[in-house]
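Data first, discussion second: the structure below is written as structure tokens.
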Amino acid sequence: MSNISLLTETSIQELSALSVMSISCTLFSHDSNVHDALTRRKGSHDTVMQNLQLLKLAGIRVIVKMVVLKTNAHDISSLHTYCTSNGFTFQVDASVFSKLNGDNTPHEFSLSGVELDNVIIECDRIIGYELYAGQCKLEALVCEQMRISLSINPNGDVNPCNRMPISLGNIFSDSLNNIWNNSDVLGKLSNATYNDCSECASCDVIKYCVRCPGNALVEDGCIDYCSTLSKKIAQSRARVYAI
């Protein structure tokens, strides 16, 4: 879940009774003016903050996600402090995605190269990024998450993740157990390595890259292409960590 402003105290109690393991949400800033300007809904910040405290009281684990943009990059530290003091898991990402329909207007909010360089170390420290230390990254799995999770849409369609609009089946016509254990498509995707992208072998920033095949599909047209978003982050790391 990414929009807890739609929750109410009653629905939160119902979720708690269902033993929901965790709920994630987006919080753009600790500053209500910044958050509301981005959501284009006045009062959305106050609603999210109120529901965060209700989720905390209900004993539901909360994951707060911040997308770093031109207008909120200054607020990473204060939002991290808020989450830590309240026991919320904090995740931060400077990648700004196109919409799943290919509309790339969200890119206008993304950081420039210099702006990204100014925050990449702080973002990496928060998410626990470590420089790849193996002998050959080309043999490493591209996305280990696809070995432990799936995404299920409201209509029952099952995707490898919420950034990869590839259908694996539908839970209303097939069992989740069968999809998970017998999908040839999922088997191929979950075993994909950096070797499957021909551009990776000659890339000078591969050791800094955390390539996302979902982004490569949506942004660049094919899961086996270079992910321009992942490369932008990798290039920033190369500039900053090489100093």
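Structural remarks
- Proximity of backbone amide H atoms, modeled 1.01 Å from N, is registered between residue 193 and 142 at under 5 Å, excluding neighbours fewer than 5 places apart on the same chain.
- For the chain, leaving out every one of the GluC sites (Glu not before Pro) that falls in a DSSP loop and has at most 16 other Cβ atoms within 10 Å, the longest unbroken run is 1-129.
- Proximal lysines relative to residue 231, as straight alpha-carbon distance under 16 Å, when same-chain residues fewer than 8 apart are discounted: 137, 207
- Helix content alone sets the calculated 222 nm mean residue ellipticity of the chain: runs of n ≥ 4 DSSP H residues at -39500 (n - 2.57) each, divided across all residues, give -11500 deg cm²/dmol.
- The calculated FRET efficiency for the pair residue 185 and residue 112, based on their C-beta separation and a Förster distance of 35 Å, comes to about 0.40.
- Largest GNM mean-square fluctuation across 140, 73, 17, computed for the chain with C-alpha springs under 10 Å, falls on 17.
- Pairwise Cα distances in the stretch 104-192 exceed 16 Å for 67 percent of all pairs.
- Percent accessible area from carbon and sulfur atoms, the chain, protein chains only, probe 1.4 Å: 52
- Given in Å, the Rg to one decimal and the Dmax to the nearest whole number for the Cα atoms of the stretch 161-243 are 15.6, 55.
- DSSP beta bridges confined to the chain are antiparallel in about 40 percent of cases.
- Dimensionless Rg/Rh of the stretch 64-154 - Kirkwood Rh, Rg from C-alpha atoms: 1.01
- Size descriptors for the stretch 1-101, from the alpha-carbon set: Rg then Dmax equal 13.5, 39 Å.
- Loop chymotrypsin sites (Phe, Trp or Tyr not before Pro), the stretch 107-176 (other Cβ atoms within 10 Å of the site Cβ: 15 or fewer; DSSP): 129, 132, 172
- Estimated inter-spin distance, residue 56 and residue 175, nm [label 7 Å along Cα→Cβ]: 4.2
- Within the stretch 1-106, percent of DSSP bridges classed antiparallel, to nearest 5: 0
- Sites residue 153 and residue 31 - FRET efficiency at Förster radius 51 Å, r taken between beta-carbons, to 0.05: 0.95
- Positive-end residue, the chain charge dipole about Cα centroid, Cβ charges, pick of 156, 203, 34: 34
- Spacing of the two label points (7 Å from each Cα toward its C-beta) at residue 198 and residue 63, in nm: 3.5
- Estimated inter-spin distance, residue 17 and residue 138, nm [label 7 Å along Cα→Cβ]: 5.8
- Where only alpha carbons of the stretch 42-102 are counted, the Rg and the Dmax (Å): 13.2, 39
The values are calculated or read from the model by the stated rules, or taken from the named source; none is laboratory data. Predicted, not measured: the structure shown is a model, and the values here were computed from it. All Cβ positions, even for glycine, are placed from backbone atoms using ideal geometry, and neighbour counts span all protein chains on display. Heads up: the accessible areas ignore ligands, DNA and RNA and are worked out on the full protein's heavy atoms, side chains in. Shrake-Rupley method; radii C 1.70, N 1.55, O 1.52, S 1.80 Å.
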